[in-house]
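The values are calculated or read from the model by the stated rules, or taken from the named source; none is laboratory data. Fair warning: this is a prediction, and the values are worked out from it, not measured in the lab. Positions of Cβ are backbone-derived with ideal geometry, glycine not excepted, and every protein chain shown enters the neighbour counts.
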Amino acid sequence: MITISTENLIHTYSPGSPFEKTAVDGVSFTLTSGEVMGVIGHTGSGKSTLIRHLNGLLKPTSGTVKVDGEDIFAKGYKRGKLRSRVGLVFQYPEYQLFDETVEKDIAFGPRNMDCDDEEIKRRVVKAAEFAGLTEAELKASPFELSGGQKRRAALAGVLAMEPEALILDEPAAGLDPVSRRRIMLDILAFAKETNAAILLVSHSMEDIAAYTNKVAVMRDGKFVMQGETREIFSRVGELAEHGLSVPQVTRICTECGCEGTVLTVEEGAKALSDMLRGCAE
């Protein structure tokens, strides 16, 4: 079990200079094991800066980041071990691939954790299974893979450290719809089996609606909305005020007068079918 929390987190770049900019401004939230939280907002709203605090890559200007109640920037806290508990997958993580085979690349993290050879092999096999990688792909050079395969290989490298929390910055960006769905389902499968906490940053309202259970809306470094996913997407007008849309299926069903807030195509098909059946009766 893991609990990650921030309290009045502030991060200012280049303080005291003409280029001073506050990228994260007073953000407070909590993420616990088993939760899948989405963070949405326009480019430049502070999302990527925020998540880099959660495993200690960035130090706050003020405020706190706590894991299981301990301030990770307190004197004596061992942040090296934290990075195996809180895995961070950057946008376009395939650019982080470097070894001669996918298998060796995935093994890099566990090896740095001083796992023995047997444990490394177990973790590589398990991570490859979660990420949907074949034996042939494991033996291949990462640079021979397709874009979607590279993305899964990079994800497997983080999963092999068996993190208790997984922080993802646009993990499906640039992928075709089939690859996009596959990688998101891989992430959810990992979360379900391990009870990991997941934080997903995405510009895709469809992904956020389909795969998360709570959402925070970020604007100008602040969380301007927080709540359960269905409740947030029911506030169409407020989202529009922040320059954000709802999933297309949500908008269509709302305009058609369907009951409740529809989040997925499957829910939309049922809602429209029920509405048409009611009209026929």
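What the table below lists for this structure:
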quantity	calculated
Which listed residue, of H53, H42, is part of a loop (DSSP other than H, G, I, E, B), modelled with pLDDT under 95 and either buried (at least 17 other Cβ atoms within 10 Å of the Cβ) or not hydrophobic (A, V, I, L, M, F, W, C) (or both)	H42
Filtered residue count, the range 241-254, keeping only those that are farther than 16 Å from T212 by Cα and either modelled with pLDDT of 95 or more or within 23 Å of the chain's Cα centre (by Cα) (or both)	6
Residue within the range 178-197 that is in contact with a strand residue (DSSP E or B) (Cβ under 8 Å, 6 or more places away or on another chain), within 18 Å of V86 (Cα to Cα), of a type in the set (A, V, I, L, M) and modelled with pLDDT of 95 or more present	yes
Unmet requirement for S28, which otherwise passes all of (1) surrounded by 13 or more Cβ atoms within 10 Å (Cβ to Cβ); (2) under 30 Å from M113 (Cα atoms)	(2)
Among residues of the range 225-268, those that are surrounded by 15 or more Cβ atoms within 10 Å (Cβ to Cβ), under 24 Å from L31 (Cβ atoms) and of a type outside the set (S, T, N, Q), counted	11
Considering residues of the range 140-149 that are surrounded by fewer than 16 Cβ atoms within 10 Å (Cβ to Cβ) and either part of a helix (DSSP H, G or I) or touching a Leu at 6+ places or on another chain (Cβ under 7 Å) (or both) only, the residue modelled with the lowest pLDDT	G147
Test: residue in the range 203-210 that is at pLDDT 95 or above, among the hydroxyl-bearing types (S, T, Y) and either touching an Asp or Glu at 6+ places or on another chain (Cβ under 6 Å) or closer than 14 Å to G38 by Cβ (or both)	no
Residue in the range 77-85 that is more than 30 Å from E241 (Cβ to Cβ), in contact (Cβ under 8 Å) with a residue 60 or more places away in the chain and of a type in the set (G, A, S) present	yes
Set E118, E94, E137, E164: member being exposed (fewer than 14 other Cβ atoms within 10 Å of the Cβ) and either of a type in the set (D, E) or more than 22 Å from L199 (Cα to Cα) (or both)	E118
Near pairs, Cβ below 7 angstrom, 6+ apart or cross-chain, from the range 18-35 (under 16 Å from M225 (Cβ atoms) and modelled with pLDDT of 95 or more) to any residue that is basic (K, R) and surrounded by fewer than 14 Cβ atoms within 10 Å (Cβ to Cβ)	none
Contacts under 9 angstrom Cβ, first residue in the range 169-187 being surrounded by fewer than 19 Cβ atoms within 10 Å (Cβ to Cβ), partner aromatic (F, W, Y), 6 or more apart	A173/Y92; G174/Y92; L185/Y211
Top-ranked residue in the range 94-106 [being assigned to a loop (DSSP other than H, G, I, E, B) and among the charged types (D, E, K, R); ranked as farthest from the chain's Cα centre (by Cα)]	E100
Checking G109 against (1) part of a helix (DSSP H, G or I); (2) under 26 Å from T49 (Cβ atoms); (3) in contact (Cβ under 8 Å) with a residue 60 or more places away in the chain; (4) not polar (S, T, N, Q), the condition it does not meet	(3)
Lone qualifier among E137, E118 - being more than 30 Å from T229 (Cα to Cα), modelled with pLDDT under 95 and in a helix (DSSP H, G or I)	E137
